[in-house]
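Structure, as structure tokens:
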Amino acid sequence: MDAQEITTRLVLAYELLLEEAENPTGRRWRSSGSGGGWIDDEEEDEEDGDLWPWVNEIRCLGQSCRSSCIVTAPFLFSYAEDTARARAMSPNAFQGWSVGGETKDWARYCVNLAVGQCPELCIHYVTSDQHAELTDKLQGIIDGMVPLQEGAFDIQAYIAKASYDNNRRPRAKRRPKAEGEYVDWY
């Protein structure tokens, strides 16, 4: 990068910070791989919506895992044929959280339990775009197109960036169920 490009990026970053500080409308800036843009809080965007579990199969213990996600949430996780490690269904293949006769809350509980019980911490929540990108990176390693060390480092770096980006979203504010004269009831 030359000095002009660095200066241009720095000025753009300061303008974004200034606009964000002066922006009382509730719009926020979202950066993405293809650029960025302003988002209204009311907009429902798939990238801002659901987060899906993704398994880092390089770190997964597979069938030797003592607290297997496949036992806890078999409707979402299964063993991959090519690696014999756990793999989560893609967001496009999994239609909703309702599983058989089970409720959505129970299915979410099972998935969160599986993520929390993973001894290698190899299950991460990502958006559907990030899921596709990570799956492509992993497939490159499995096919031998990318060396294991380099690919594992790339995946871990991408997971860290995705985790940072996904946790930057403002959380929904808790609204009272009822308001009294002096007390808000939750």
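The values are calculated or read from the model by the stated rules, or taken from the named source; none is laboratory data. Predicted model only: the values in this text are computed from it and were never measured. Cβ: placed from backbone, ideal geometry, glycine included. Neighbour counts: every protein chain shown. In case anyone asks, the SASA skips ligands and DNA or RNA and just uses the protein heavy atoms, side chains included. Shrake-Rupley method; radii C 1.70, N 1.55, O 1.52, S 1.80 Å.
Compute the distance in nm between two label points, each set 7 Å from the Cα along the Cα-to-Cβ direction, one at LYS161 and one at LEU12.
A separation of 1.5 nm, rounded to one decimal place.
Can you sort ILE58, ILE141, ILE155, ILE6 by 1.4 Å-probe accessible area, starting with the largest?
ILE6, ILE58, ILE141, ILE155
So if we plug the beta-carbon distance of GLN63 and TYR109 into 1/(1 + (r/R0)^6) with R0 = 30 Å, what FRET efficiency do we get, rounded to 0.05?
With a Förster radius of 30 Å, E is 0.80.
Order ASP2, ASP165, ASP105, most accessible first, counting only protein heavy atoms with a 1.4 angstrom probe.
The ranking, largest first, comes out as ASP105, ASP2, ASP165.
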